[in-house]
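The values are calculated or read from the model by the stated rules, or taken from the named source; none is laboratory data. Every value quoted in this text rests on a predicted model; they were computed, and no experiment measured them. Using ideal geometry, Cβ is built from the backbone for each residue, glycine included, and neighbour counts are taken over all protein chains shown.
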Amino acid sequence: MTDLHSAIHHVRAHQDYILQELIDLAAIPSISTLPQHKPDMGRAAEYVANVLKTMGMNKVAMMPTAGHPVVYGEWLNAPGKPTVLVYGHYDVQPVDPLNEWHSDPFTPTVRGDNIYARGISDMKGQDIAVLAALAASINHGGGLNCNVKVLIEGEEEIGSPNLNQFLADHKEMLKCDFSLNCDSGMLRPDLPAIVYGLRGLAYFEIWVHGPEHDLHSGQFGGSIHNPAQALCELVAGMHDAEGRITLPGYYDKVRPLSPEERADLARIPYDEAYALREAANPPMFYGEKGYTNIERLGARPTLEVNGLYSGFIGEGSKTVLPAKAMAKISMRLVPDQDPEEVETQLRAYLTQKAPPTIRWDLKALGKGGPGVLTPRESVGAQAAAQALETVFGVAPVFKRDGGSVPVVSQIKNILGVDSVIMGFGLPDDNLHAPNEKQHLPNFYRGIESYLHFFANL
């Protein structure tokens, strides 16, 4: 049985050592998207593997993929207890624009309550926090109340292109009861959160064609249906006056929000003036009628125009009637919407609405997978909620995130298990931006929360 008190005492007495581990890992420029940093990717993977070996994990290995290696280790000394697959990643985003950093992005620097470096929050801080908790439990707390397998990949920031194959190839090795995904955050330093819903993604290009080449608008304007106009009409018709998406069958599989869920989402603090500033100061918010902004951002599907192109877009004037027009369209999908079905619905809309005066073509640019909804009443979610309330003194909010985390759906689809999503980043951590930071008080509270989480199992 885990001696939780001893494990917590050890962590509190060795905060400087744990912080140095974080500094050492964050100092490695493990930028997965830049080929010149491939040696650094190997160094980062080796560092993580050494941490796993030092804490007493078994079968620690840097396992090759077609890209960067996956680091794996396991501790299976709790027979009859649940098995948790801990997921993380050691790769980071590029640092551009470098001139906006106040300190070198790969020289981790403490200023006040924060430590600044690229990848310090996303997600090397979360990696070290959960590994420190595991190490304290194994070596100073009498062991774990569960079995643990650790998978830390090196390609999350480039879309995890080789993770699907890795999971499929090592399905037996990775067998577990559920996954703990630490790549997450909370709403405020004093208000923890558990993410239980993520949206999926589908992305398309719509091309509209008219004449074979651009025409003089004086000679042909008024007699030829302008492809740019036709495309704008089609795109405008994809929403009705109440903000609902008009694709046939689009809402057929969208789960309605239960009164309990709406009540839980309403607990999430929301300052509209602050939210408008975070959204780059639009005049006001806009969205589907009948839902709050919190509900729209995580629990409702979307259809957005990400880009438009047609005709002459340079400085000055050119009286052209363009031969073609293009719109890039993305859709954030909620459970149980299927990206393939959504493509069929978009094609059906275009077939019904496109006039005979133009030709159109639809290109699927990749489907990021379906949305994910994890059960809030599961053993893992309840262990996490109890741990967070113990450490922070307040019950966590359960929230849905509007973005997509493909690994959660990959683990669900291939390994057949749900994920508990619990991390300690903050909204102002500047992920993917200059001056990325990790709030150190939250970092240490995060370690203790993971200690309680594993003990609760």
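Structural remarks
- Listed by first and then second residue, the pairs with beta-carbon distance under 8 Å, at least 6 apart or on different chains, first residue in segment 69-85 and in contact (Cβ under 8 Å) with a residue 60 or more places away in the chain, second of a type in the set (Asp, Glu), are VAL70/GLU153; VAL71/GLU153; PRO82/ASP177; THR83/ASP177; VAL84/ASP177.
- Applying the condition of being out of contact with any strand residue (DSSP E or B) (no Cβ under 8 Å at 6 or more places or on another chain) and free of Cβ contacts under 8 Å to residues at least 40 places away in the same chain to segment 335-381 and asking which residue is farthest from ARG244 (Cα to Cα) yields GLU377.
- Which numbered condition PRO269 fails, given (1) surrounded by 14 or more Cβ atoms within 10 Å (Cβ to Cβ); (2) touching a strand residue (DSSP E or B) at 6+ places or on another chain (Cβ under 9 Å): (1)
- Qualifying residue in segment 1-19 (condition: of a type in the set (Asp, Glu) and free of Cβ contacts under 8 Å to residues at least 60 places away in the same chain): yes
- Checking every residue in segment 59-68 against the condition of being crowded, with 20+ Cβ neighbours inside 10 Å and out of contact with any strand residue (DSSP E or B) (no Cβ under 8 Å at 6 or more places or on another chain) gives zero matches.
- When GLY403 is tested against the conditions (1) surrounded by 14 or more Cβ atoms within 10 Å (Cβ to Cβ); (2) within 23 Å of the chain's Cα centre (by Cα); (3) not basic (Lys, Arg), the lone failure is (1).
- ALA395 part of a loop (DSSP other than H, G, I, E, B), touching a helix residue (DSSP H, G or I) at 6+ places or on another chain (Cβ under 7 Å) and within 23 Å of GLY298 (Cα to Cα): yes
- Taking the listed residues ALA387, ALA381, ALA364, ALA395, the one that is hydrophobic (A, V, I, L, M, F, W, C) and outside the structural domain of LEU187 (by TED's automatic domain parsing) is ALA364, with no other qualifying.
- Meets criteria (among the polar types (S, T, N, Q), within 21 Å of the chain's Cα centre (by Cα) and not assigned by TED's automatic domain parsing to the domain that holds VAL405) for SER330: yes
- Segment 110-156 - residue that is polar (S, T, N, Q) and crowded, with 24+ Cβ neighbours inside 10 Å and, of those, nearest to THR33 (Cα to Cα): SER121
- Taking the criterion of being within 24 Å of the chain's Cα centre (by Cα), closer than 18 Å to GLY143 by Cβ and in a loop (DSSP other than H, G, I, E, B), no residue of segment 41-85 qualifies.
- All of ARG277, ARG300, ARG332, ARG296 fail the test of being surrounded by 14 or more Cβ atoms within 10 Å (Cβ to Cβ) and without any contact (Cβ under 8 Å) to a residue 12 or more places away in the chain, apart from ARG296.
- Test: ALA49 is in contact with a Phe, Trp or Tyr (Cβ under 9 Å, 6 or more places away or on another chain) and surrounded by 23 or more Cβ atoms within 10 Å (Cβ to Cβ): no
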